[in-house]
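In what follows, a single structure is set out as structure tokens and then discussed.
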Amino acid sequence: MDSKSEGEDRPWQSYHTAYTNAKAGMEGVDKEKVQKVVYEMSKGSKYFENEQRKEAYIKQKIENLGQQRAKLTDKDIAHFQKIAEKKIVELEASRDLTKTWLHTDMDAFYAAVEILDNPSLKGKPLAVGGMSMICTASYEARKFGVRAAMPGFIARKLCPDLIFVPTNFDKYTHFSELTRKVFGRYDPNFIATSLDEAYLNVTEVWSERGLSGEEVAAELRGAIYDETGLTCSVGVAPNRMLAKVCSDINKPNGQFILPNDRGAVMTFISSLPIRKIGGIGKVTEYLLRDVLGITTCDDMLKNSALVCALFSDLSSDFFLSVGLGIGGTHTPENRMRKSISTERTFTATSDTILLFQKLADIAETLSSDMQKENLWGRNLTLKLKTSSFEVRTRAVSLQKYISSKEEILTHATNLLKAELPLSLRLMGLRMSQFRDEDKHCSVDPTQKTLSEFILSGSSHSKEYDSRDISSENSDFLLEDKNLSELDGTREKEHRCLISEPESSSKREELGDSSSGKDTNGTCGGNANCEIQWVDGYICSKCGIELPSGFEEERREHADYHLAQFLQQEEKTHVARDKVYHKLEHSSPKSKRQKASLHGGKFIPIDAFFTKGKKNL
DNA sequence: GGGTTTCGTTGAC
DNA sequence: TTCCAGTCAACGAAACCC
């Protein structure tokens, strides 16, 4: 078949941005018609153009991986065959068939809750969400090709009678809690992965009560229905990976049980499309299919040598375990939240004032969310989506943990400033690297002890970020014994040296140009900055104790205060031109910025998979 | 050269 | 009329730092 001419006749066929893989309830959908509508409504838009760029990028990845594959010699393949066989033996030895896992998935959860709340919606095509995006579609709506993650205006085109209901997460949370009460009776340590999905280790119930997998699943589904009025689908299998696949088989309101038997697992997995496995999405599916011809889990094993040759250790381990039907069987330890974020989409704008206003709103939301959970973080990431849908993230690691709106906004503003001018349609902020609650420490985790501080000779380096002294939470440097003795007065003096926030690059430049100190350890003779050694060894500015023998260290310390002083000066624009003449060469923009698909340069595929080649 | 940080990507719901 | 989300985690590579 001439795919080129086909592509020209039916361009929508090559536009498989979304909605191409069947979801439950979409079996009878006219896929081509849906694809055509989506294509027609998207074509020419900036979103569409960006999707085209992404598609091209994936194609490039496929091509590059194909070239890597072509370079493999017979010797290489024999080598990786041995590696693969070893891995398979190890994985097989780790296979655990003694556990029984159950995965539950509520049927069209948000839509079902809305129908329960308003029974007149029953039997009608319903979408939960808005014109820009819908979260869930009822089974009646799915018959038209409407589904989650589809923009509302396209959904309406597919189904003109579609009823839209706005999301109401309080309602969904309430019903989710009801389901979790039921789950808790079967496994007190159940793992909830979202409001409507959970994994339960039912090994105990199964054996203690002498119930079969079928019986446990049926009983649980009955209990959920009795206590919520909602239906769910259940999968039972020897591990979580398989249980999840199983819960999708007889959706909605059904169940599927896979026995704890190796033969049954291998039969089940052999013809299973890899896309059914959690963790394998569109890109991985195409990559494996187009480069290695892998479409089923069994194909993973058949191509194990190539899988090991072309992918990283972690990836190949995962792919081979997929081929063997091996998944997680132990309940993971209590997993702590690792990040918290908030983002907002708005009408694209390049109005700086408006953008900073929105950033302030987002910072406020993030701060409020963090405070609700008593979180303090030191890694702030700004996410931007330009009007052409290009996504950028810019991050900064701070020297202390923060959580207030003001502090978040200060750092977020610096990050945004470095990117402007820009027309944006989305901004978001994410905080990570949380303070360890157990330790209850708010000191700078990257901070050096006093001796390290002195020995490093970098008193003006980024480790000593003067910005961060400015908050109320000024436990700054208290880790050091000497400084922990600082009383309130000295801390106050510390704060007196605070200048307006500056970019780190500016501070670094400052350090470089702070050599105008004199040998007495005073700051260039300027009375405002001059330090005295009280009692012969205590810094009059901050209280640091440095005995008289430490002349070099004293000079370094004076240097630090000079840097602080100059920052203060900079605030009043006195010394700016003299001191910061090199600033323009050190803006955050000059930092590394990877070539992305949006820059017209593709990241070579070998950049993604070099680790996989390390055994060559 | 190894550890850390930053950034982009992928995937799930 | 409305015109493609929000949140979280993980991985991997390159840059950065020492």
(request) List the number of the failed condition for A:SER432; all other conditions in (1) at pLDDT below 50; (2) not in a loop (DSSP other than H, G, I, E, B) hold. (result) (1)
(request) Among the residues of region A:396-415, write down those that are among the hydrophobic types (A, V, I, L, M, F, W, C), away from DNA strand C (no atom under 13 Å from the Cβ) and open to solvent by 30 Å² or more (accessible area, probe 1.4 Å). (result) A:LEU409
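Okay, residues lined up against (1) in contact (Cβ under 8 Å) with a residue 12 or more places away in the chain; (2) over 27 Å from A:SER423 (Cβ atoms); (3) in contact with a Cys (Cβ under 7 Å, 6 or more places away or on another chain); (4) not charged (D, E, K, R):
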position	(1), (2), (3), (4)
A:THR352	yes, no, no, yes
A:LYS358	yes, no, no, no
A:SER367	yes, no, no, yes
A:ASN374	yes, yes, no, yes
A:ARG378	yes, yes, no, no
A:THR381	yes, no, no, yes
A:PHE389	yes, no, no, yes
A:THR393	yes, no, no, yes
A:SER397	yes, yes, no, yes
(message) So, in region A:245-292, exactly how many residues are in contact with a Cys (Cβ under 6 Å, 6 or more places away or on another chain) and surrounded by fewer than 20 Cβ atoms within 10 Å (Cβ to Cβ)?
(response) 1
(message) Against the conditions (1) surrounded by 15 or more Cβ atoms within 10 Å (Cβ to Cβ); (2) more than 30 Å from A:ALA84 (Cβ to Cβ), where does A:LYS372 fall short? Just the number, please.
(response) (1)
(request) Kindly list the number of the only condition in (1) modelled with pLDDT of 95 or more; (2) open to solvent by 50 Å² or more (accessible area, probe 1.4 Å); (3) under 26 Å from the mean Cα position of the chain (by Cα) that fails for A:LEU242. (result) (2)
(request) Could you pull out the residue among A:THR203, A:THR296, A:THR179 that is hydroxyl-bearing (Ser, Thr, Tyr), closer than 16 Å to A:THR329 by Cβ and touching a Ser or Thr at 6+ places or on another chain (Cβ under 7 Å)? (result) A:THR203
(message) With the requirement that a residue be among the aliphatic types (A, V, I, L, M), within 11 Å of DNA strand C (Cβ to nearest atom) and under 30 Å from A:VAL37 (Cα atoms), what does region A:139-197 give you?
(response) A:ALA148, A:ALA149, A:MET150, A:ILE154, A:ALA155, A:LEU162
(message) Return the residues of region A:53-62 that are open to solvent by less than 40 Å² (accessible area, probe 1.4 Å) and either touching a helix residue (DSSP H, G or I) at 6+ places or on another chain (Cβ under 7 Å) or basic (Lys, Arg) (or both); say none if nothing qualifies.
(response) A:TYR57, A:ILE58, A:LYS61, A:ILE62
(request) Working only within region A:20-52, note down all residues that are at pLDDT below 85, within 16 Å of DNA strand B (Cβ to nearest atom) and open to solvent by 40 Å² or more (accessible area, probe 1.4 Å). (result) A:ASN21, A:ALA22, A:LYS23
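Per-residue answers, yes or no, for (1) within 16 Å of DNA strand C (Cβ to nearest atom); (2) outside the structural domain of A:SER212 (by TED's automatic domain parsing):
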| site | (1), (2) |
| --- | --- |
| A:GLY229 | no, no |
| A:VAL234 | no, no |
| A:VAL265 | no, yes |
| A:VAL322 | yes, yes |
| A:PRO332 | yes, yes |
(request) Please work out if A:THR393 is within 12 Å of DNA strand C (Cβ to nearest atom) and either more than 23 Å from A:ARG425 (Cβ to Cβ) or out of contact with any Gly (no Cβ under 8 Å at 6 or more places or on another chain) (or both). (result) yes
(request) Might you check whether a residue that is in the same structural domain as A:GLU364 (by TED's automatic domain parsing), within 13 Å of DNA strand B (Cβ to nearest atom), of a type in the set (Gly, Ala, Ser) and out of contact with any helix residue (DSSP H, G or I) (no Cβ under 7 Å at 6 or more places or on another chain) occurs anywhere in region A:396-419? (result) yes
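The values are calculated or read from the model by the stated rules, or taken from the named source; none is laboratory data. Every value quoted in this text rests on a predicted model; they were computed, and no experiment measured them. Cβ atoms come from the backbone with ideal geometry, glycine included; neighbour counts cover every protein chain shown. Side chains included, ligands, DNA and RNA excluded: accessible areas come from the protein's heavy atoms. Shrake-Rupley method; radii C 1.70, N 1.55, O 1.52, S 1.80 Å.
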